[in-house]
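Inspection log for the structure reproduced underneath, given as structure tokens.
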Amino acid sequence: MPEAAPLLEDYGVVVGSQMIDELKFLADRLGGRRVQHINSTAQGGGVAEILNRLIPLFNQLGLDTRWEVLEGNAPFFEMTKKVHNALHGEPERFSRKDFRVYLECNAENLKRLTLDGDAVFIHDPQPAAFVESRRKWGGRWVWRCHVDVSAPQMNAWRFLERFINRFDAAIFSAPQFAQRLSIRQFLIAPSIDPLSEKNRELTTEEVDRAMDQLQIPRDKPIVTQVSRFDRLKDPVGVIEAFRIVKKSVDARLVLAGGGASDDPEGAEVLAQVRQRAGNDPDILILELPPGSNLQINAIQRASAVVVQKSLREGFALTVTEALWKGKPVVASAVGGIPLQIAHKYGGMLCHSVEGAAHRIKQLLNSPGFAERLGKNGREHVRQNFLLTRHLKEYLLLMLALESGQDVTFL
Amino acid sequence: MENRVVPMKQAEHPFHFYARQSIQESTGWRAVTLPQFLKYLRIVPGSVIYHHTHHYLQQHQFLSPEPPNDFSYWAFQSLGARRLGERLASISTIEFDTIRSLREEIVRVVEEHLRAHPLVRLRIVPVEEAFYFVKAVTVVFPTPYTARSLKEFSERLESVTIDSLYFHIFEARLRLERGENDFSRWFETGLGEPELARAVRALDPYTHTMEELRGTILRLVRRRLEGGGDA
């Protein structure tokens with residue numbers, strides 16, 4: 001069952017009431033504009049999660065906001081998964097049929113959707129070709145890119161680029177994720193919701209209950225990676241790092257993840273992970289169904305160290321979540337992770353299996369240092385990566401696009 | 001000279017507190033060498049220079065006022081040009097009234113360094129440590145707070161957001177080229193308090209955190225309210 005959306009005012013406890021007043025003021029200046037967000041999955045993955053939380057707040061601010069989800073079949077999602085990998089620089093081959101499948105699916109969806117918002121935000125590559133219909137609808141169209149496209153395989157990028165350049169603007173999570181485009185490029189980091197089931201404060205009893213239900217023993221320090229079972233998240237690399245750690249520190253590894261409906265590779269990767277884990281009783285692999293937010297929250301809070309050993313990343317919101325819970329994090333220096341972690345100040349960055357193992361051991365052996373990192377990391381998230389800041393930047397973007405100036409007086 | 005009269009004056013034109021919020025826009029330009037860096041420094045819009053010399057003040061507002069500007073941080077940390085990094089860090093932004101003159105100084109320092117250390121032009125940083133030129137796109141808006149007297153001003157200054165403080169101290173003076181911060185201007189022309197205006201003008205806001213700055217200005221205003229002059 002979906003979580004009830006909090007009231008905007010509820011966030012005042014975390015970010016201050018003045019922030020809430022500013023949001024209301026900015027929204028007021030947008031005078032009831034209609035906003036649409038379109039992506040390719042309603043559940044699973046960071047984008048759907050953010051939209052689930054953002055859209056009710058847009059509406060509470062008086063902006064009539066709708067969320068549309070692209071409907072695709074298996075060949076379409078196989079094709080867009082390849083696009084996703086290729087944008088991350090992975091070698092993928094595309095046939096003419098692949099591109100046809102993509103275009104046909106976009107065209108089919110356009111037949112059923114009404115995209116008449118004053119501001120239309122298209123998320124990621126899957127629905128990018130919707131922009132072909134923009135003349136029919138009017139409004140300002142913005143492509144919100146959640147992946148790092150700085151070093152893509154060019155065949156995939158060239159295919160997409162012709163659509164992207166037809167938007168009014170693009171949004172990237174960081175400048176280093178962007179590509180050279182002929183349109184304006186804004187930079188908005190994603191965010192987490194401090195009041196969601198996944199991130200709200202939990203009592204000790206709630207954590208204990210969830211861990212008991214998941215049958216995760218608490219007799220040893222827990223090292224956790226929460227991520228989809230995806231090659232780019234390198235769950236196998238985490239197992240290898242954990243095996244190095246285990247030579248000198250007794251601990252338990254939890255790999256917890258679910259699938260997203262737009263990720264057909266998940267089952268294959270999960271099988272590979274199970275095989276690599278073998279019968280090791282200290283490696284727990286949890287396949288969590290969509291909506292296991294309370295469970296994920298509890299696992300992160302019960303962990304001694306949280307790991308995110310991705311090979312490539314978008315922004316890596318699982319890192320943001322762990323930092324918000326005051327946990328020491330060991331994470332690869334890829335994608336948006338270095339924006340979130342100042343090495344040895346707000347967490348630990350690593351570049352290899354061995355490096356990850358070394359940092360995990362350090363943190364398990366130095367709880368005082370680990371606690372200090374956790375506190376700094378939480379403060380950094382409070383300042384920069386919470387949902388209210390994200391919402392504010394969407395409002396500012398709409399105002400900035402309308403004015404076209406570097407400085408706009410309201 | 002001390003002025004012991006407690007200021008009760010009501011200004012004809014009240015002080016309106018504004019606030020500002022910014023989002024970042026990428027220019028698409030990045031530099032991996034010092035000559036590239038210099039080339040873009042010369043041509044980027046003023047909003048880029050403003051962003052890279054000011055965004056630390058807000059993003060890391062809870063830190064002590066150590067990080068001076070992105071240019072110096074990149075030269076020092078990524079390019080490994082420590083002397084250049086230090087020189088860029090020591091540029092005193094408060095001494096410049098326009099972004100144009102601030103940019104000229106930054107460019108001059110980099111040019112001088114390249115002349116004195118020609119081999120540094122051969123250094124190439126890894127692409128993940130490139131300098132990305134980003135600009136600030138800003139929306140300025142009125143807050144509900146106004147003040148007609150120094151007492152009211154003191155009360156309001158306690159409650160406005162640091163975005164408001166930031167706008168009147170930094171954005172108004174340098175980016176909007178008003179020549180001085182808005183508070184000093186109002187103290188002098190609106191309230192007839194030239195000494196207080198001078199004292200606030202003399203502060204170097206770049207060496208305070210935002211909350212420290214608020215506290216310092218409040219102390220000056222309160223001292224004046226208690227009848228102290230030469231604030």
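Looking only at residues of the range B:167-181 that are within 13 Å of chain A (Cβ to nearest Cβ) and in a loop (DSSP other than H, G, I, E, B), we find that the one that is least open to solvent (accessible area, probe 1.4 Å) is B:L176. Out of all the residues in the range A:164-174, is one or more polar (S, T, N, Q) and touching a helix residue (DSSP H, G or I) at 6+ places or on another chain (Cβ under 6 Å)? No, because not a single residue in the range A:164-174 is polar (S, T, N, Q) and touching a helix residue (DSSP H, G or I) at 6+ places or on another chain (Cβ under 6 Å).
Condition check ((1) β-branched (V, I, T); (2) closer than 30 Å to A:A151 by Cβ) across all residues:
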| residue | (1), (2) |
| --- | --- |
| B:A116 | no, no |
| B:L119 | no, yes |
| B:V134 | yes, yes |
| B:V137 | yes, yes |
| B:Y145 | no, no |
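Note on the range B:207-224: residues that are in contact with a Ser or Thr (Cβ under 8 Å, 6 or more places away or on another chain) and surrounded by 19 or more Cβ atoms within 10 Å (Cβ to Cβ) amount to 1.
Across the range A:23-47, the qualifying residues are those that are surrounded by 21 or more Cβ atoms within 10 Å (Cβ to Cβ) and at pLDDT below 90, and the one among them that is nearest to the other protein chains (Cβ to nearest Cβ) is A:V47. Any residue at all in the range A:294-310 that is under 21 Å from A:A86 (Cβ atoms) and crowded, with 19+ Cβ neighbours inside 10 Å? Checked the range A:294-310: at least one residue is under 21 Å from A:A86 (Cβ atoms) and crowded, with 19+ Cβ neighbours inside 10 Å.
Within the range A:140-183, how many residues turn out to be surrounded by fewer than 18 Cβ atoms within 10 Å (Cβ to Cβ) and in contact with a Lys or Arg (Cβ under 6 Å, 6 or more places away or on another chain)? Count: 1. Restricting A:D250, A:D280 to residues that are open to solvent by 50 Å² or more (accessible area, probe 1.4 Å), in a loop (DSSP other than H, G, I, E, B), in the same structural domain as A:A370 (by TED's automatic domain parsing) and of a type in the set (D, E) narrows the list to A:D250. Could you look through the range A:382-410, keep only residues that are open to solvent by less than 10 Å² (accessible area, probe 1.4 Å) and under 16 Å from A:F315 (Cα atoms), and pick out the one that is nearest to the other protein chains (Cβ to nearest Cβ)? Among those residues, the one meeting the criterion is A:H390.
Condition first: away from chain A (no Cβ under 14 Å), over 22 Å from the mean Cα position of the chain (by Cα) and either surrounded by fewer than 17 Cβ atoms within 10 Å (Cβ to Cβ) or of a type outside the set (S, T, Y) (or both). Now tell me which residues in the range B:12-36 satisfy that. The answer is B:E12, B:H13, B:P14, B:L34, B:P35, B:Q36. Filtered by the rule that a residue be at pLDDT 95 or above and within 22 Å of A:G45 (Cα to Cα), the range A:202-232 gives A:A210, A:L214, A:V223, A:T224, A:Q225, A:V226.
Just give me the residues in the range B:130-143 being farther than 28 Å from B:A75 by Cβ and either out of contact with any helix residue (DSSP H, G or I) (no Cβ under 8 Å at 6 or more places or on another chain) or open to solvent by less than 10 Å² (accessible area, probe 1.4 Å) (or both), in sequence order. Once the filter is applied, which keeps residues that are farther than 28 Å from B:A75 by Cβ and either out of contact with any helix residue (DSSP H, G or I) (no Cβ under 8 Å at 6 or more places or on another chain) or open to solvent by less than 10 Å² (accessible area, probe 1.4 Å) (or both), the range B:130-143 yields B:V139, B:V140, B:F141, B:P142.
Here are some residues: B:T146, B:T209. Which one is within 14 Å of another protein chain (Cβ to nearest Cβ) and in contact with a Pro (Cβ under 8 Å, 6 or more places away or on another chain)?
Values: B:T146 fails: within 14 Å of another protein chain (Cβ to nearest Cβ).
None of the others qualify; the one that does is B:T209.
The residue that is farthest from the chain's Cα centre (by Cα), counting only those in the range A:243-268 that are of a type in the set (A, V, I, L, M, F, W, C) and modelled with pLDDT under 95, is A:A267.
Conditions (1) part of a helix (DSSP H, G or I); (2) free of Cβ contacts under 8 Å to residues at least 24 places away in the same chain; (3) not assigned by TED's automatic domain parsing to the domain that holds A:K24, marked per residue:
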{"residue": "A:G335", "(1), (2), (3)": "no, no, yes"}
{"residue": "A:M348", "(1), (2), (3)": "no, no, yes"}
{"residue": "A:G355", "(1), (2), (3)": "yes, yes, yes"}
{"residue": "A:R359", "(1), (2), (3)": "yes, no, yes"}
{"residue": "A:L373", "(1), (2), (3)": "yes, no, yes"}
{"residue": "A:G377", "(1), (2), (3)": "yes, no, yes"}
{"residue": "A:H390", "(1), (2), (3)": "yes, no, no"}
{"residue": "A:Y394", "(1), (2), (3)": "yes, no, no"}
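Looking at (1) among the hydrophobic types (A, V, I, L, M, F, W, C); (2) out of contact with any Cys (no Cβ under 6 Å at 6 or more places or on another chain); (3) away from chain B (no Cβ under 14 Å), which one does A:A356 not meet, given that it meets all the others? Here A:A356 meets the rest and fails (2). The number of residues in the range A:359-381 being modelled with pLDDT of 90 or more and touching a helix residue (DSSP H, G or I) at 6+ places or on another chain (Cβ under 8 Å) comes to 12.
Consider B:R83 carefully, then state whether it is open to solvent by 20 Å² or more (accessible area, probe 1.4 Å), at pLDDT 90 or above, out of contact with any Gly (no Cβ under 6 Å at 6 or more places or on another chain) and within 14 Å of chain A (Cβ to nearest Cβ). In short, no. Looking at B:S164, B:S184, B:S149, which one is surrounded by 16 or more Cβ atoms within 10 Å (Cβ to Cβ), of a type in the set (G, A, S), closer than 13 Å to B:F15 by Cβ and touching a strand residue (DSSP E or B) at 6+ places or on another chain (Cβ under 8 Å)? Among B:S164, B:S184, B:S149, only B:S164 is surrounded by 16 or more Cβ atoms within 10 Å (Cβ to Cβ), of a type in the set (G, A, S), closer than 13 Å to B:F15 by Cβ and touching a strand residue (DSSP E or B) at 6+ places or on another chain (Cβ under 8 Å).
The values are calculated or read from the model by the stated rules, or taken from the named source; none is laboratory data. The model shown is predicted, which means the values in this text are computed figures rather than measured ones. Don't worry about glycine lacking a Cβ; one is built from the backbone with ideal geometry, like all the others, and counts go over all protein chains shown. Accessible surface is based on the protein model in full, side chains and every heavy atom, while ligands, DNA and RNA are left aside. Shrake-Rupley method; radii C 1.70, N 1.55, O 1.52, S 1.80 Å.
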